Amino acid sequence: MKHVAVLMGGWSAERPVSLKTGRACAAALAEVGYRVTEVDVTPDVARDLERLAPDVVFNGLHGPMGEDGRIQGLLEYLRIPYTHSGVLASSLAMNKDKAKLIMAAAGVPVATGLVCSRFDAAREHVLPPPYVLKPVSEGSSFGVVIVREDRSHPPQEVGREDWPYGDLLLAEEFIAGRELTCAVMGDRALDIIDIRPATGAFYDFDAKYAAGGSIHVLPADLKPKIYHQVQESALTAHQALGCRGVTRTDFRYDDRPDGTGKLVALEVNTQPGMTETSLVPEIAAHAGHSFGELVRWMVEDASLNR
């Protein structure tokens, strides 16, 4: 019986989501026959893993430390196979600006933008409104600010003394229209979800993780050419960044009657959420993979990457 240590929790802003992901995955792995140990990650995680000596680590961490290459580097040092992407791919994907450069070089459409100091962004508009400000290295929509067209003053909230998301921001043109997401499993792009927030127009933290926070249309109602382009772009981004296992790429698509028709990839999530409201398990289920089968595939895929 293979022993799987499920890492969860940690100390990033995404700790609550990680705990949900970890517990759900641990329960599913035990149900399909693995010996499972849940590990709420602390600075002593290396010592804990040496003591447990698992065959594989299922990485259920989110955010800084968990998906930016650091925990992956530790697992490489300990010579323990682990799920999701490796050190370099995790680090690149977590840095939204560097990931965009690589995706664009591979032919994936991305939004125009620039990196700026949060203090500059609070002092003056860094792009013509409407635009989006987001921390360079955060997930779950933490710290995202949409600057609307009618906003005459730059967003003061990013200049606050208690701003917790770092001093560098990525400013991007705002793409109106639909929020799409596509999962990649191994070397295959799965189907696409059209995400519609139940309230408001932004797929924020509550829309992502609160029950009933969003409506998921699966498969997304898109013209075949656009559907194929999203899938192809998701797989290209996954491969260009050097990802492995399961990823999820988010897109914006302006299909309004008076819109631009523009499709852009926003980011690649190397460790997408695996909670009861998460997107990847839903997409995998549509492709015929139960939650248990999905996490088992992830563990066995990790075992091949010793």
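The values are calculated or read from the model by the stated rules, or taken from the named source; none is laboratory data. Here the structure is a predicted model, which means the values were calculated and not measured. Reconstructed Cβ throughout: ideal geometry from the backbone, glycine too, with neighbour counts over all protein chains shown. Accessible surface is based on the protein model in full, side chains and every heavy atom, while ligands, DNA and RNA are left aside. Shrake-Rupley method; radii C 1.70, N 1.55, O 1.52, S 1.80 Å.
So, in region 194-219, exactly how many residues are farther than 22 Å from Ala284 by Cβ and either in a helix (DSSP H, G or I) or modelled with pLDDT of 95 or more (or both)?
Qualifying residue count for the region: 2.
Take Leu222 and decide whether it is open to solvent by less than 60 Å² (accessible area, probe 1.4 Å), modelled with pLDDT of 90 or more, assigned to a loop (DSSP other than H, G, I, E, B) and aliphatic (A, V, I, L, M).
Yes: the conditions hold for Leu222.
Suppose we filter Gly69, Gly73, Gly22, Gly33 for residues that are under 21 Å from the mean Cα position of the chain (by Cα), on the phi > 0 side of the Ramachandran plot and among the small types (Gly, Ala, Ser); which single one remains? If you could, list the steps in order and put the result at the bottom.
Details: Gly73 fails: on the phi > 0 side of the Ramachandran plot; Gly22 fails: on the phi > 0 side of the Ramachandran plot; Gly33 fails: under 21 Å from the mean Cα position of the chain (by Cα).
Criteria check complete, one pass: Gly69.
Given the structure, is Arg248 within 26 Å of Glu14 (Cα to Cα), in contact with a Gly (Cβ under 8 Å, 6 or more places away or on another chain), at pLDDT 95 or above and in a strand (DSSP E or B)?
Working: within 26 Å of Glu14 (Cα to Cα): yes; in contact with a Gly (Cβ under 8 Å, 6 or more places away or on another chain): no; at pLDDT 95 or above: yes; in a strand (DSSP E or B): yes.
Considered against the rule, which asks whether it is within 26 Å of Glu14 (Cα to Cα), in contact with a Gly (Cβ under 8 Å, 6 or more places away or on another chain), at pLDDT 95 or above and in a strand (DSSP E or B), Arg248 comes out as no.
Which is within 22 Å of Leu170 (Cα to Cα), open to solvent by 10 Å² or more (accessible area, probe 1.4 Å) and not in a strand (DSSP E or B), of Met103, Met65?
Details: Met103 fails: open to solvent by 10 Å² or more (accessible area, probe 1.4 Å).
Only one candidate qualifies: Met65.
Taking Ser91, is it part of a helix (DSSP H, G or I) and hydroxyl-bearing (Ser, Thr, Tyr)?
Considered against the rule, which asks whether it is part of a helix (DSSP H, G or I) and hydroxyl-bearing (Ser, Thr, Tyr), Ser91 comes out as yes.
Taking region 255-276 on its own, how many of its residues are in contact with a strand residue (DSSP E or B) (Cβ under 8 Å, 6 or more places away or on another chain), open to solvent by less than 30 Å² (accessible area, probe 1.4 Å) and not in a strand (DSSP E or B)?
Qualifying residue count for the region: 3.
It is to be established whether one or more residues within region 128-145 are in contact (Cβ under 8 Å) with a residue 12 or more places away in the chain, part of a helix (DSSP H, G or I) and under 23 Å from Leu263 (Cβ atoms).
No: region 128-145 contains no residue that is in contact (Cβ under 8 Å) with a residue 12 or more places away in the chain, part of a helix (DSSP H, G or I) and under 23 Å from Leu263 (Cβ atoms).
Which of the residues spanning region 40-62 are open to solvent by 10 Å² or more (accessible area, probe 1.4 Å), free of Cβ contacts under 8 Å to residues at least 60 places away in the same chain and in contact with a strand residue (DSSP E or B) (Cβ under 9 Å, 6 or more places away or on another chain)?
If the condition is that a residue be open to solvent by 10 Å² or more (accessible area, probe 1.4 Å), free of Cβ contacts under 8 Å to residues at least 60 places away in the same chain and in contact with a strand residue (DSSP E or B) (Cβ under 9 Å, 6 or more places away or on another chain), then Asp40, Asp48, Leu52, Ala53, Pro54 are the ones that fit.
How about region 148-176: which of its residues are touching a helix residue (DSSP H, G or I) at 6+ places or on another chain (Cβ under 9 Å) and either in a loop (DSSP other than H, G, I, E, B) or open to solvent by less than 20 Å² (accessible area, probe 1.4 Å) (or both)?
First, the residues of region 148-176 that are touching a helix residue (DSSP H, G or I) at 6+ places or on another chain (Cβ under 9 Å): 154-160, 163, 165-172.
Scanning region 148-176 gives Pro154, Pro155, Val158, Arg160, Trp163, Tyr165, Gly166, Asp167, Leu169, Leu170, Ala171, Glu172.
Of the residues that sit in region 79-99 and are among the aliphatic types (A, V, I, L, M) and in contact with a Leu (Cβ under 6 Å, 6 or more places away or on another chain), which one is farthest from Arg23 (Cα to Cα)?
Ala99
Being open to solvent by less than 20 Å² (accessible area, probe 1.4 Å) and either of a type in the set (A, V, I, L, M) or at pLDDT below 95 (or both): is that true of Ala302 here?
Details: open to solvent by less than 20 Å² (accessible area, probe 1.4 Å): yes; either of a type in the set (A, V, I, L, M) or at pLDDT below 95 (or both): yes.
Judged against the criteria, Ala302 is a match.
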